[in-house]
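Everything on this sheet refers to the single structure shown next.
Laboratory data are not the source of any read-out in this text; all were calculated from the coordinates shown. Everything numeric in this text was worked out from a predicted model, so none of it was measured. Glycine gets a Cβ as well: all are built from the backbone with ideal geometry, and neighbour counts include every protein chain shown.
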Amino acid sequence: MARACKSMRVVLLLSVLACSASHLEAAARGQVLVSPEVHSHGRVTFRLRAPQARQVAVGVEFQEGLRPMAKNRYGVWSVTLGPAEPDIYAYIFVVDGLETIDPANSWLKVWRRTAKNLVEIHGAEPMFFQEQKVAHGTVHMHRYASKSLGVTRGLYVYTPPGYEARRNVRHPILYLLHGSGDSEDTWTVVGRANVIVDNLLAKNIAKPLIIVMPYGHTPSAPSDSLSLGDYRTFEKDLLEDVIPYIQRCYRVSGDRNDRAIAGLSMGGGQALTVGLGHLELFAWVGAFSSAVPKGRKLDSLLAKVKVTNDDLNLLWIACGKKDFLFEANQKLIERLKVDNIRHVARITGGGHEWQLWRRYLNEFVPLLFTSDKYRSGT
């Protein structure tokens, strides 16, 4: 009898263990994956559940090429990469040749025709684009009727900390333009423009300003997205609809010396075209990794050297040496030197990437609306 009871206890124990193992495996299959998981020293683990996949890889901006991932017995693929410098990086999974986003990560950089996930690497100290314990401004989302285009469009507006309380103050304004793959939200979602300016204001190294981020593409002019220097419909919308709308809705200065325009890539070409073409409206122009206007258009923008030098408080041009637009920007800078047009040239390492554009904005904004304009940037 005792021997039979002992046998029953062994069988029961084995059954419990088998049941526990089964539950553990089921739990492992159904667990909520953590991806990406950022470790110390800038290393990152990427994970994707794809039990039927034959091959999975990840492409991330801080590593060259695709990196293969390994599958465990539960069908979860993973790889740990790095170390990476503190920054924000885009990444994408490739599953059996098909590009796909990470379903475990809701932070997306959405282009006009595709999307990638983002991952942020923190350093020992907060970076200039990371939220810190400072006063924060407000990001407003707007829809406005563009009479010039006959459509309803979107734009984002940043107001600095304390804007609501300063009812008798008219603020200077920066029109900040996105690139050809972007939309009106990109300078906040990816570029962290609002966070960057919050941190600058907290250090008292920039003047409180309003930033307007309009949508740069127009439905009636596909050439506007091709870096051709022909941005006529965008210019019409900006001048006839956006600026009057902002002047009505916000307490902004109407003085040209309190109005700046800047942008990246396509937006840089738009900033050069609109800013240099309308010095009666803009006294500060910035171009980051810019699509440079060409031919007769550029000639017309630079034709009046004395007027440009007299009216323009700052022309700031920045580009990375590995950027596919570097040659065009270098030629523009040489042209400005030959024509004796005052400017700041900021040549850096790097390519056509947000890691640079965030830094350019961080350097450009403190120069605005001050008398200390033409600092050496070469």
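In this label model, D255 and F128 are separated by 2.6 nm, measuring between points 7 Å along each Cα→Cβ vector. In the chain, the longest principal axis of the Cα atoms and the axis of helix 266-277 are about 10 degrees apart. Fully extending the segment from R170 to R43 would add 41.1 nm, taking 0.36 nm per residue of separation and subtracting the current Cα-Cα distance. Only lysines eight or more places from K116 in sequence, or on another chain, were considered; those with a Cα closer than 24 Å are K71, K322. With the highest mean first, a sort of the peptides 137-144, 362-369 on other beta-carbon atoms found within 10 angstrom per residue produces 362-369, 137-144. Each peptide in 291-299, 233-241, 315-323 gets a packing score, the mean of other Cβ atoms within 10 Å over its residues, and the list from highest to lowest is 315-323, 233-241, 291-299. Residue pairs exceeding 25 angstrom between C-alpha atoms, taken from K306/K331; K297/K331; K109/K297: K109/K297. Looking at the chain alone, DSSP beta bridges between its own residues are antiparallel in about 65 percent of cases. About the centre of its Cα atoms, the chain shows a dipole size close to 740 debye [charges on the beta carbon of Lys, Arg (+1) and Asp, Glu (-1) only; nearest 20 debye]. One chain, two ends: V34 and T152. Fully extended at 0.36 nm per residue, the span grows by 38.6 nm beyond their Cα-Cα distance. Comparing P86, P161, P103 in a Gaussian network model of the chain (Cα springs below 10 Å), the most mobile by mean-square fluctuation is P103. In summary, the range 161-212 shows an alpha-carbon radius of gyration equal to 1.26 times the 2.2 N^0.38 Å reference for compact globular proteins.
Temperature 10 °C, viscosity 1.306 mPa s: under these conditions the Stokes-Einstein estimate for the range 86-214, based on its Kirkwood radius over C-alpha pairs, is 95 µm² per second.
Against the chain, whose longest principal axis comes from its Cα atoms, helix 2-30 is set at around 20 degrees.
Ranked by the mean number of other Cβ atoms within 10 Å per residue, highest first, peptides 56-65, 163-172, 276-285 order as 276-285, 56-65, 163-172. Distance between the 7 Å Cα→Cβ label points at S106 and L66: 2.9 nm. Rounded to whole Å, the principal axis extents of the Cα atoms in the range 43-112 read 33, 30, 21, largest first.
Computed about its Cα centre, the charge dipole of the range 37-121 is approximately 380 debye, with only Lys, Arg, Asp and Glu carrying charge at their Cβ. Compared with the alpha-carbon gap, the fully stretched path from D299 to E353 is longer by 16.6 nm at 0.36 nm per residue. Between 0 and 90 degrees, the angle of helix 193-202 with respect to the longest Cα principal axis of the chain falls at about 70 degrees.
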